[in-house]
1. Would you be able to say whether some residue in the range 462-483 is under 51 Å from the mean Cα position of the chain (by Cα), polar (S, T, N, Q), surrounded by fewer than 19 Cβ atoms within 10 Å (Cβ to Cβ) and at pLDDT 95 or above?
2. Name every residue in the range 203-245 that is out of contact with any helix residue (DSSP H, G or I) (no Cβ under 9 Å at 6 or more places or on another chain) and hydroxyl-bearing (Ser, Thr, Tyr), in order of residue number.
3. Would you pick out the residues in the range 410-436 that are in contact with a Gly (Cβ under 9 Å, 6 or more places away or on another chain) and free of Cβ contacts under 8 Å to residues at least 12 places away in the same chain?
4. Return a yes/no flag: does the range 64-72 have any residue that is assigned to a helix (DSSP H, G or I) and loosely packed, with under 14 Cβ neighbours inside 10 Å.
5. Pairs under 6 Å by beta carbon, first residue under 17 Å from Tyr278 (Cα atoms) in the range 295-316, partner part of a loop (DSSP other than H, G, I, E, B) and open to solvent by less than 60 Å² (accessible area, probe 1.4 Å), six or more apart or different chains?
6. Filter the range 263-289 down to the residues that are assigned to a helix (DSSP H, G or I), open to solvent by 70 Å² or more (accessible area, probe 1.4 Å) and at pLDDT 95 or above and list them by number.
7. Filter the range 156-197 down to the residues that are open to solvent by 40 Å² or more (accessible area, probe 1.4 Å) and closer than 24 Å to Ser132 by Cβ and list them by number.
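The values are calculated or read from the model by the stated rules, or taken from the named source; none is laboratory data. The model shown is predicted, which means the values in this text are computed figures rather than measured ones. Positions of Cβ are generated from backbone atoms using ideal geometry, with glycine treated the same way; all protein chains shown enter the neighbour counts. All accessible areas refer to the heavy atoms of the entire protein, side chains included, with ligands and DNA or RNA removed. Shrake-Rupley method; radii C 1.70, N 1.55, O 1.52, S 1.80 Å.
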Amino acid sequence: MTGGNREDVLRLHHVTRGWMVAVLLLAIAAPRAEARNPHCSGGILYVTQAMRDKDKGDRESYERQMHKAIAELSTCAAEDPADAEALGYLGWAYAEVDSAGPAGKAFQASIEGLKAKGDKKKVDWATGNRNSYWARSFNDGIEHIRVAQQAYPEFTQTPVDEAETTLKREAEKHYQEAITYLTRASLIRPNDPQTIRNLGSVHAFMGQFKEAQAVFEEGLKVAPGDTALTESLKSVRVGYARSLVSSKKYDEAIAYFGDLLKTDPNNSDHYLSLGGAYFDRAQSKEAEARKADFKLAGDAYGKAAELKPGDADLSFNAALAYQNGGAWDKAEAQWRLTIKQRPDDVEALSSLGMVLAEQKKFSEAIKTVHSAVLLKPQDKNMHRQLGSIYTKAGNNAKGTEELMLYLAMQSGQAAADPAATAKAAKPETAAGKTLASDGPPDQVVTWTSDKNTYETWFYWAKKRAYTFQAGTLMTKSDWSAADLTVSAAPGGK
């Protein structure tokens, strides 16, 4: 009998006999309420009693009562599957004993059954109960991810020593715990995009890209419109292809990036990665065999730069690849594009100068590398390169000037007190006269070559230097302006 029927019976004690007869007739005529399956009611009581024991700290009684609850409520579900509330209690019991799969199924059946009955209050009860267990497992999983990343942030990198090896092991332990907890969360609340994203991400963090891809693909089957899952899937596909490059499986990586570009042809990052795969494959080859792949790398990087015109790094990569492949004209175009965006990029200016020199465009090459020297006058390699181009252009005098600067900076020892060192020069010598006319130098470097000792005085602000041997002037180097004089034949060396 329901509570309402018991209330009717109690009322019979307060009415007259005539009315009692009438009510009895009505009671006999009315449909009789079904009593709850005893396994259902008994199982519910076991759950509530178990939770009381848990609150009291009586672990033994709690576990005993909860297992009895599961046994009773499982029988209940088999005999009376329409008792949706009892199914909610079954989910509760399973969740308490960490049986996430059965818990999730029971909670889901309960929620669906209660919705069908229109019992919003109990729907909220069952949903809230399920969510509390989901949140517990989900949050534990997130915490283990945090600890793992703190221990060893770049998990796919190889440890360099025993200390890093220990940290990586610790991180792996926490990632595995994260997978356990997030899997549990996904079973308690199936098809939850947030849980799926994080579970797949753990695999990605560990470099398990295929496993991550499988998780995200399954997630998109139940949540096809989830933007974050879609982006995560794209990311792990790229990660997988890059892992092929890291494993030196260049052909597979190139083919994989090609497939990605078929479905996403305007993705600059895919072209960037494809360029990297070609570049690395080129480096694995020898001599002339490298050039074809370097040119293909340049094509890929160039396409990436075209799709993302504000990124000078992409044109830089394209230029470098073409340069390595001997495609001087294409390299020149990409270096100019890079310099247009980064006019003070000394490395790009130096490389453009080299490419121009290879094409016998000596005046442009000198002007370009000279601008790099002005930006970075104390870079010995810039002076060496400028000297080399001067020599190729037939200007041996300027070539020697720059070479002397390179040798001084390459092998010289700088004086602790340049002014005091310069003042030691005899007044009647060229060095002494230079001191009188130009003042103390900014830097004095002493160096040797072919058993001869030289002293180079640098006047950085004035953009010139003097090299002396025993006070006698050997070379004056002046880089204040580029000398664009070219005397070499256009087709000569």
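1. Within the range 462-483, one or more residues are under 51 Å from the mean Cα position of the chain (by Cα), polar (S, T, N, Q), surrounded by fewer than 19 Cβ atoms within 10 Å (Cβ to Cβ) and at pLDDT 95 or above.
2. Thr227
3. Glu428
4. Pass one, the range 64-72, residues assigned to a helix (DSSP H, G or I): 64-72.
Restricting the remaining residues to those that are loosely packed, with under 14 Cβ neighbours inside 10 Å gives none.
No, the range 64-72 contains no residue that is assigned to a helix (DSSP H, G or I) and loosely packed, with under 14 Cβ neighbours inside 10 Å.
5. Close Cβ pairs (under 6 Å, with a partner that is part of a loop (DSSP other than H, G, I, E, B) and open to solvent by less than 60 Å² (accessible area, probe 1.4 Å)) amount to Lys295/Gly325; Lys295/Ala327.
6. Residue satisfying the conditions is Gln283 alone.
7. Within the range 156-197, Glu177, Thr180, Tyr181, Thr183, Arg184, Leu187, Arg189, Pro190, Asn191, Gln194, Arg197 qualify.
Here is a yes/no grid of residues against (1) assigned to a helix (DSSP H, G or I); (2) touching a residue at least 24 places away in the same chain (Cβ under 8 Å); (3) surrounded by fewer than 18 Cβ atoms within 10 Å (Cβ to Cβ):
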{"position": "Val123", "(1), (2), (3)": "yes, no, no"}
{"position": "Ala126", "(1), (2), (3)": "yes, yes, no"}
{"position": "Ser137", "(1), (2), (3)": "yes, yes, no"}
{"position": "Asp140", "(1), (2), (3)": "yes, yes, yes"}
{"position": "His144", "(1), (2), (3)": "yes, yes, no"}
